[in-house]
Structures are given as C-alpha cells and as structure tokens.
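Trainee: Following this message is one structure expressed as structure tokens.
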Amino acid sequence: MSDNNYENDLEIFDDLSSVLEENIETDEEKPSTKEFIFDWLEVLVHAIIVVVICFSFFFRIATIDGESMENTLFNGEKIIISNMFYEPKVGDIVVISRNKENSVYTMDGTNTPIIKRIIAVEGQMVDIDFAKGIVYVDGVALDEPYTKTPTNVNHGVEFPVIVDEGCVFVLGDNRNDSYDSRSPQIGEYGMIDTRYILGKALFRILPLDKIGGLK
C-alpha cells in the first residue's frame, strides 16, 4: 500500500475521532432539572386532555344509588359505563334513563336513571314462576347465581310476555327490592326501549378494594 493511502487512512481515523469526541460532549449535555420538570408537565397535561376527551365522548362515571343491584353492586359504588358501539346482550348490566325512582318504596316521578341487568332481548319470551322464584326465557329456567333474592314479587305486569321490537326486559339482581320490567310504570309496560340505554356497566372504580371489571 502506498504512503498516500496510509495518509488517507489516518485522515479518516482523525475525522472519526473528532466525531466521537463531539458525540461524547453532546451526550454529557443533559437537560436541566427545570427542563425535565416542564417536559413531564407537558406530557401530564396532554394525558389529562386525552382522558377528558375520552370521558366526554366515550365513557361516563355513574354512582350506584339504592340496593336494587345487590349483591353485584352496592349503594355508593362508582362504575364506568359506555355506549360506544353498544348492542344490548342478555346478561349485560346497563344504566337506563327513565322517569321513576329506583326503589320499591319511593316512586316520586323524578328522572333518576336506573341500573339493571338485561334478562331478554326483542323477540324472546319471558315467564316467571313467582311461587318458586324462577325466571324462564323461551321456556328455559335461568341459572342466576348473581341474584340476592329469588324472584317472588310482581309489580303488575302479566306474564308470560314477549319482548317488543327494539326493547329489552330488565331485572334488578336484588329481585324483591327492585322496580324493573315487572312494573308497568317502568318503560312501556315493563319494556325498555334500547334508545334509553345510557350505557353498559364495564368497570367498578370505587371502592378501591373492589376495583375491577363487571361480568
């Protein structure tokens, strides 16, 4: 190899050495504590904005008022609900807009929403044996481990019933302390128009020791 080639090689290494030195100097120039705090504050503000937008358009927080969903949900607990791309399904726990109080004892005509479980959807037939406390859908007895009490009380609806088009049939899990589709004062003679479903209950956020998804 010629002397010129050796000289060129040395020049290249010299150039690489200066680049590495520049990189090392740059790496040592760390941001100040003030800049670090401002960066994290900016990230936090953006995260808060995203959360606010999500809860404004896609999710809501609801507070349980009453005992009609025990032992699944209890008075004062807070849950997240959503109606995004929601199609009602049997077993879903849903929040419904209506014009009655959510209690067997108070029916004062307010606009308080209620929370219930969907037992049947449009076209299905519901029958209840109040003596035995058993609910039947399309002739099949439901296995309902989530209920606090058997379904022994009726509030005026005559059974069996077929769920109207665009409606659902709902019951509270605390069957003997719940006004629901057994009452002609709920919805259209017990039938709940799906347009008045505010959302499906997805997640319990309070109390902290019970935080988690809802089945």
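All of the numbers you see were taken from the coordinates with simple rules; none came from a lab. Fair warning: this is a prediction, and the values are worked out from it, not measured in the lab. Quick reminder, even Gly has a Cβ in these numbers, built from the backbone with ideal geometry, and neighbours come from all protein chains shown.
Trainee: Dipole of segment 75-215 (Lys/Arg Cβ +1, Asp/Glu Cβ -1, origin at the Cα centre): which of A201, I162, A120 lies farthest to the positive side?
Mentor: A201
Trainee: For the pair V43 and L214, what calculated FRET efficiency results from E = 1/(1 + (r/R0)^6), where r is the Cβ-Cβ distance and R0 = 25 Å, to the nearest 0.05?
Mentor: After rounding to 0.05, the efficiency reads 0.20.
Trainee: A further question follows. Less than 10 Å Cβ to Cβ from V94, Lys/Arg counted +1 and Asp/Glu -1: what total charge do the surrounding residues give?
Mentor: Once positives and negatives cancel, what remains is +3.
Trainee: In addition: Using only Cα atoms, what Kirkwood radius does segment 62-215 have, in angstroms?
Mentor: In segment 62-215 this quantity evaluates to 15.4 Å.
Trainee: Provide the net charge surrounding G213, with neighbours chosen by a C-beta distance below 12 Å and charges set as Lys +1, Arg +1, Asp -1, Glu -1.
Mentor: +4
Trainee: Exactly which chymotrypsin sites (Phe, Trp or Tyr not before Pro) in segment 118-215 are in a DSSP loop and have at most 15 other Cβ atoms within 10 Å?
Mentor: Loop-located and lightly packed - F130, Y146, Y189.
Trainee: Pull out a ≥ b ≥ c, the square roots of the eigenvalues of the alpha-carbon gyration tensor of segment 135-214, then state rounded if a/c is under 1.5, prolate if not and a/b is larger than b/c, and oblate in the remaining case.
Mentor: It comes out prolate by the Cα gyration axes.
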